[in-house]
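Engineer: Can you read through this structure? Questions will come right after.
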Amino acid sequence: MVQVHSEIEIDAPVSTVFAYIDDYTTATKWVAGMKDWKPVGDKTQGLGSTFQAKIGVGPTTLEATLEITRWEQDHLIAWEPRKGVKQAGSYTLEDAGGGKTRFVLDIDLELPGGIVGRTLGKGMEPIIRNQISHSGELLKEQVEALPK
């Protein structure tokens, strides 16, 4: 299992950051490696919405169907796998004062293949950590560039 925790401060109010990440059409813009993120069904946000994801990690593309299992306006979006790669995680937002947001991203990723998957995971862990960190930087850059 690969577990990654990343935090970044964004110079924008929580409501602005949340609205940006809660809009599924922005995912391929700020999630490093995200090749595709599309809804499965009519529900495109909130509790119970489900998405088909394709995420590039190094030379590999991982596919999963992920369901939003926790959703709290302006605070939390969490998901769990329903099909494909076992990847669960959450985005947590907190008011950092002065109109800024503390954005926290936690990911738990279990690669398939038993011992081979664990070995592959150890090699991929630095790539995954780098992508997660880069995602926070991309989010910060994009949200801070939004019209105020």
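The values are calculated or read from the model by the stated rules, or taken from the named source; none is laboratory data. Small disclaimer: the values here were computed from a predicted structure and weren't measured. Neighbour counts run over all protein chains shown; Cβ positions are idealised from the backbone, glycine included. When the accessible area is computed, the model is the full protein with side chains, heavy atoms only, and any ligands, DNA or RNA have been set aside. Shrake-Rupley method; radii C 1.70, N 1.55, O 1.52, S 1.80 Å.
Engineer: Run the dipole for the stretch 13-59 about the Cα centre, Lys and Arg Cβ at +1, Asp and Glu Cβ at -1, nothing else charged, and hand back the magnitude in debye, nearest 20.
Structural biologist: Roughly 160 debye, rounded to the nearest 20.
Engineer: Of Gly33, Gly98, Gly46, which is the most mobile in a GNM of the chain whose springs link Cα atoms less than 10 angstrom apart?
Structural biologist: Between Gly33, Gly98, Gly46, it is Gly98 that shows the largest mean-square fluctuation.
Engineer: As I understand it, the dipole of the chain uses +1 on the Cβ of Lys and Arg and -1 on the Cβ of Asp and Glu, about the Cα centre. Which of His5, Val17, Ala64 lies farthest toward its positive end?
Structural biologist: The residue sitting most towards the positive pole is Ala64.
Engineer: If I build a Gaussian network model for the chain, linking alpha-carbon pairs within less than 10 angstrom, which residue out of Asp108, Asp22, Asp42 has the largest mean-square fluctuation?
Structural biologist: Taking springs between Cα atoms under 10 Å, the residue moving most is Asp42.
Engineer: Hey, another quick one. With +1 on each Lys and Arg Cβ and -1 on each Asp and Glu Cβ, and nothing else charged, work out how big the dipole of the chain is about its Cα centre, in Debye to the nearest 20.
Structural biologist: Numbers: 16 positive and 21 negative charges, 113 e Å.
That gives a dipole near 540 debye.
Engineer: Something else now. Over the chain, with a Gaussian network built from C-alpha contacts below 10 Å, which listed residue (Val40, Val31, Val17) shows the highest mean-square fluctuation?
Structural biologist: Maximum among the listed residues: Val40.
Engineer: Okay, next question. How would you classify the stretch 72-114 from its alpha-carbon gyration tensor, with a ≥ b ≥ c the square roots of the eigenvalues: rounded for a/c under 1.5, else prolate if a/b is greater than b/c, otherwise oblate?
Structural biologist: Numbers: a/c = 6.94, a/b = 2.76, b/c = 2.52.
It is prolate, given that a/c is not under 1.5 and a/b is the larger ratio.
Engineer: Now a separate question. Go ahead and estimate [θ] at 222 nm for the chain from helices alone: -39,500 (n - 2.57) per DSSP H run with n ≥ 4, summed, over the residue count, rounded to 500.
Structural biologist: On the way: 3 runs with 44 residues, N = 148.
One gets -9500 deg cm²/dmol as the mean residue ellipticity at 222 nm.
Engineer: Then there's this: Which whole-number value in Å² is the accessible area per residue of the chain, probe 1.4 Å?
Structural biologist: Details: 7810 Å² over 148 residues.
Here the per-residue accessible area is 53 Å².
Engineer: When the gyration tensor of the stretch 1-80 is built from Cα positions, what are the square roots of 5 times its three eigenvalues, in whole Å, from largest to smallest?
Structural biologist: Values: eigenvalues 82, 59, 31 Å².
Here the semi-axes work out to 20, 17, 12 Å.
Engineer: Please provide three numbers in whole Å: the alpha-carbon extents of the chain along the principal axes, with the largest listed first.
Structural biologist: 48, 34, 21
Engineer: Right, something else. Report, in listed order, any pair from Lys54/Lys100; Lys35/Lys140; Lys38/Lys148 with a Cα-Cα distance greater than 22 Å.
Structural biologist: Working: Lys54/Lys100 31 Å; Lys35/Lys140 20 Å; Lys38/Lys148 28 Å.
In this structure, Lys54/Lys100; Lys38/Lys148 lie more than 22 Å apart at Cα.
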